[in-house]
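The values are calculated or read from the model by the stated rules, or taken from the named source; none is laboratory data. All values derive from a computational prediction rather than experimental measurement. Neighbour counts are summed over all protein chains in view; Cβ atoms, including those assigned to glycine, are modelled from backbone coordinates with ideal geometry.
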Amino acid sequence: MPSFAGRYYPLSLGAMARPFRKAEVESFFARLKAQMPDPRTELEFKNPYTLLVAVVLSAQATDKGVNKATEPLFKVADTPEKMLKLGEARLISYIKTIGLFRTKARNVIALSKALVDGHGSVVPRSREELQALPGVGRKTANVVLNVAFGEPTIAVDTHIFRVANRTGLAPGQTPEAVEAGLERAVPPEYKLNAHHWLILHGRYTCVARKPKCPLCVVRDLCRYRPKTTEAELGPLMSRAAMTPTSPGSAAPGDSPHRRPRRLPAASSRRA
Ligand code: SF4
């Protein structure tokens, strides 16, 4: 049964259903694109270095919680040198609302030192060099490569893992298997933004409990059989009807179109 970080999802019938045809995958992403033409990360950052720090802090935490902590932090430490000058103890005072903050603070200081000592304070652009940094795994490297450097990588987080398995788009037992399945399935023209489309779809529509199937733009393609009905969705249906600009979201203020964030092109190479 598919799992992610020790959590098991209820039987993902999508995983056992008829595989997606090429035209269906095209249609799947075309619809997500129509719904979210310019999807972006919801993490706040100023440059590749602050993006890297934000992604490291976001493990098992919400983007909202990370943004709350990093807003004041990045005002005083938006480069590896400034972070080292700040020091671990003061860094902790900024991020103590985030889970695992002690380990994350240790990693942020260690990776900042590694960037200063080994990379001229510049965030490296290769997966190997990124993953060699303390606290940086494959998922974090994929997010940085995609968001900071425009590489067509797909970082499989808990949302993407759920959506890929439920829908049957790229079923897999592990994040690595899902990533490989998505690499094979996603058409080249959708690869750059596939990561954001799938995350936002999982975060706002195909949510873990009671997915908003009646509001979902890919429901006829999705192989998940126990779809949520309109009756089960209840009051969220009428609230969605009052939100004409966000077809996939169920409630006002719950839209994947809110607060876009993108790195300024000029600063996309250096920390
Ligand atoms: S919201 Fe429902 S219909 Fe849409 S992808 Fe998720 S399980 Fe499938």
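Of all residues in region 146-154, none satisfies being under 20 Å from the mean Cα position of the chain (by Cα), over 16 Å from Pro48 (Cα atoms), crowded, with 16+ Cβ neighbours inside 10 Å and of a type in the set (Gly, Ala, Ser).
Give me the residue from region 155-176 that is among the β-branched types (Val, Ile, Thr) and assigned to a helix (DSSP H, G or I) and, out of that set, surrounded by the fewest Cβ atoms within 10 Å (Cβ to Cβ).
Pass one, region 155-176, residues among the β-branched types (Val, Ile, Thr): 156, 158, 160, 163, 167, 174.
Imposing the further condition that a residue be assigned to a helix (DSSP H, G or I) reduces the set to 158, 160, 163, 167.
Numbers: Thr158: 17, Ile160: 28, Val163: 28, Thr167: 27.
Once the filter is applied, the top-ranked residue is Thr158.
Checking each residue in region 159-170 for being more than 9 Å from the ligand (Cβ to nearest atom), within 13 Å of Arg203 (Cβ to Cβ) and among the hydrophobic types (A, V, I, L, M, F, W, C) picks out Ile160, Phe161. Under the condition of being in contact (Cβ under 8 Å) with a residue 60 or more places away in the chain and over 30 Å from Gly120 (Cα atoms), the residues counted in region 31-54 number 8. Whenever a residue of region 212-238 is on the phi > 0 side of the Ramachandran plot, it has no partner that is within 8 Å of the ligand (Cβ to nearest atom) and part of a loop (DSSP other than H, G, I, E, B) lying with C-beta atoms less than 6 angstrom away and at least six residues away or across chains. Filtering region 134-150 to residues that are part of a loop (DSSP other than H, G, I, E, B) and touching a residue at least 24 places away in the same chain (Cβ under 8 Å) leaves Pro134, Gly135, Val136, Ala148, Phe149, Gly150. Among the residues of region 47-78, the ones that are under 19 Å from Ala141 (Cα atoms) and touching a Phe, Trp or Tyr at 6+ places or on another chain (Cβ under 6 Å) come to 3 in all.
Regarding region 171-181, can at least one residue be identified that is among the polar types (S, T, N, Q), assigned by TED's automatic domain parsing to the domain that holds Ala110 and more than 16 Å from the ligand (Cβ to nearest atom)? Within region 171-181, not a single residue is among the polar types (S, T, N, Q), assigned by TED's automatic domain parsing to the domain that holds Ala110 and more than 16 Å from the ligand (Cβ to nearest atom). Only one entry of Ala54, Ala34, Ala132 meets the criterion of being among the small types (Gly, Ala, Ser) and touching a Leu at 6+ places or on another chain (Cβ under 8 Å), and that entry is Ala54. When restricted to residues that are in a helix (DSSP H, G or I) and either surrounded by fewer than 16 Cβ atoms within 10 Å (Cβ to Cβ) or of a type outside the set (A, V, I, L, M, F, W, C) (or both), region 119-133 contains 4.
This table checks each residue for (1) near the ligand (Cβ under 10 Å from one of its atoms); (2) within 18 Å of Glu24 (Cβ to Cβ); (3) crowded, with 22+ Cβ neighbours inside 10 Å.
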{"residue": "Val186", "(1), (2), (3)": "no, yes, yes"}
{"residue": "Leu192", "(1), (2), (3)": "no, no, no"}
{"residue": "His195", "(1), (2), (3)": "no, no, yes"}
{"residue": "Leu200", "(1), (2), (3)": "no, no, yes"}
{"residue": "Val207", "(1), (2), (3)": "yes, no, no"}
{"residue": "Pro211", "(1), (2), (3)": "yes, no, yes"}
{"residue": "Arg219", "(1), (2), (3)": "yes, yes, no"}
{"residue": "Pro226", "(1), (2), (3)": "yes, no, no"}
